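Each reported figure results from applying straightforward, stated rules to the coordinates on display, with no laboratory input. Keep in mind that this is a model prediction, so the values were computed, not measured. Quick reminder, even Gly has a Cβ in these numbers, built from the backbone with ideal geometry, and neighbours come from all protein chains shown.
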Amino acid sequence: MTHSSATALSWAEAPVALVTGGSRGIGRAIARTLARDGYFIILTYVSRPEDAERTVEDIRAAGGEARAFALDVGDDAAVEAFFASEIKDKVNLAVLVNNAGITRDGFLIRMKSEDFDRVLDVNLGGAFACSREAAKIMSRRRAGRIINIASVVGQMGNAGQANYCAAKAGLIGLTKSNARELAARGITVNAVAPGFIETDMTAKLGEDVMKAYVESIPLRRMGTADDVAEAVAFLASDRAAYITGQVLAVNGGLYC
């Protein structure tokens, strides 16, 4: 579907992609790429509404359609209310991308239980809640794509990130279980596991740390948000119709 044909449709008719945490970084790239492919975009954010609005404006300037909503996916009741008020019977939900995530890093012996719980609530619990609500809607149409943004550290671990790694590893398990449950309803569920990606977060690591990371990557470069977004776009497309329950690593060969 091209932008010209997509924008001739209403929100009730056009295929809609919901991208949680879609205002910046990897989420922003995913939202823009799926808009390029003809999806109307709904993105959620928690802070910095100006970033969300900038992403919406960029998509519209390129000929697409987008809307932004404030939503804490770690709040189960808020997720249910959001789907009831903004998604169910309002739009043609075709794709859900569970991208929203936070970090609260710290070594195990000093990590507070509330920091462990909050990271799991957002990164894993949020994906569970959104997937549950999306599956109810997609099941009626017997079609849909759910794509979870995991991480290479969910596969290999990382010192100082017990909470984040546990959440991302759990997301891979959630992906595989949901794929089995929802296949009979025409819904595919897959994960994308990015490696070290150039984002605002990695930009703060410092030159020496960045250099060490790059030297550990067989392709000898950091990934980009667009690298991840293109993998998501593939899994959302008809080209991936017979792929479900898989983890697509986008990591430059870091963890093969």
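Do any of Lys112/Lys176; Lys90/Lys176; Lys88/Lys136 go past 20 Å between their Cα atoms, and which?
Details: Lys112/Lys176 30 Å; Lys90/Lys176 29 Å; Lys88/Lys136 9 Å.
In this structure, Lys112/Lys176; Lys90/Lys176 lie more than 20 Å apart at Cα.
Whats the longest run of the chain with zero trypsin sites (Lys or Arg not before Pro) that are DSSP loop and have at most 16 other Cβ atoms within 10 Å?
Working: sites that count: Lys88, Lys90, Arg104, Lys112, Arg142, Lys204, Arg220, Arg221.
Value returned for the longest uninterrupted segment is 1-87.
Counting pairwise Cα distances across the range 117-256, what percent come out greater than 25 angstrom?
Values: 2886 of 9730 pairs.
Roughly 30 percent, once rounded to a whole number.
Once P(r) over Cα pairs in 10 Å bins from 0, in percent is worked out from the coordinates, which option in (i) 7, 32, 38, 18, 4, 0; (ii) 7, 29, 36, 20, 7, 1, 0; (iii) 6, 23, 27, 21, 14, 7, 2, 1, 0 does it equal?
Working out P(r) over Cα pairs in 10 Å bins from 0, in percent from the coordinates points to (i).
Any idea what the relative contact order of the range 126-256 is, in percent, if you count C-alpha pairs under 8 Å spaced at least 6 apart?
Relative CO of the range 126-256 lands at 30 percent.
Report the relative contact order of the range 9-116, percent, no decimals, based on alpha-carbon pairs under 8 angstrom and at least 6 residues apart. Before the final figure, lay out the partial values.
Numbers: 172 pairs, mean separation 36.0, N = 108.
Over the range 9-116, the number comes to 33 percent.
Using the crude model of +1 on Lys and Arg Cβ and -1 on Asp and Glu Cβ, and no other charge, please compute the dipole size for the chain relative to its Cα centre, in debye to 20. The partial results should precede the final answer.
Values: 29 positive and 30 negative charges, 141 e Å.
Roughly 680 debye for the chain.
Considering the chain as a Gaussian network with a 10 Å cut-off on Cα pairs, which listed residue, Ala17, Ala191, Ala241, attains the greatest mean-square fluctuation?
Ala241
Taking only DSSP H segments of four or more residues, each worth -39500 (n - 2.57), what value at 222 nm results for the chain once the sum is divided by all its residues, to the nearest 500 deg cm²/dmol? Please list the in-between numbers first.
Details: 11 runs with 110 residues, N = 256.
The helix contribution divided over the chain gives -12500 deg cm²/dmol.
Build a GNM of the chain with springs between Cα atoms under 10 Å: which of Val153, Val91, Val209 gets the top mean-square fluctuation?
Val209
At what distance in nm do the modelled label points of Gln246 and Arg60 sit from each other, each positioned 7 Å from its Cα along Cα→Cβ?
3.7
Please give, to one decimal in nm, the separation of the simple spin-label points placed at Asn158 and Asp226, each 7 Å out from Cα toward the Cβ.
Going by the 7 Å Cα→Cβ label model, 2.3 nm.
For the chain, calculate the relative contact order in percent as a whole number, restricting contacts to Cα pairs under 8 Å that are 6 or more residues apart. Provide the component values of the computation, followed by the final result.
Details: 518 pairs, mean separation 47.3, N = 256.
With pairs under 8 Å counted, the relative contact order is 18 percent.
Grab the Cα-Cα distance for Ser139 and Ala78, subtract it from 0.36 nm times how many residues apart they are, and report the gain in nm with one decimal. Walk me through the intermediate numbers first.
Numbers: separation 61, 0.36 × 61 = 21.96 nm, distance 2.16 nm.
This chain segment gains 19.8 nm when fully extended.
Glu114 to Ala212: FRET efficiency via 1/(1 + (r/R0)^6), r the Cβ-Cβ distance, R0 45 Å, to the nearest 0.05? Provide the component values of the computation, followed by the final result.
Details: r = 31 Å, r/R0 = 0.69.
Working from the Cβ atoms, E equals 0.90.
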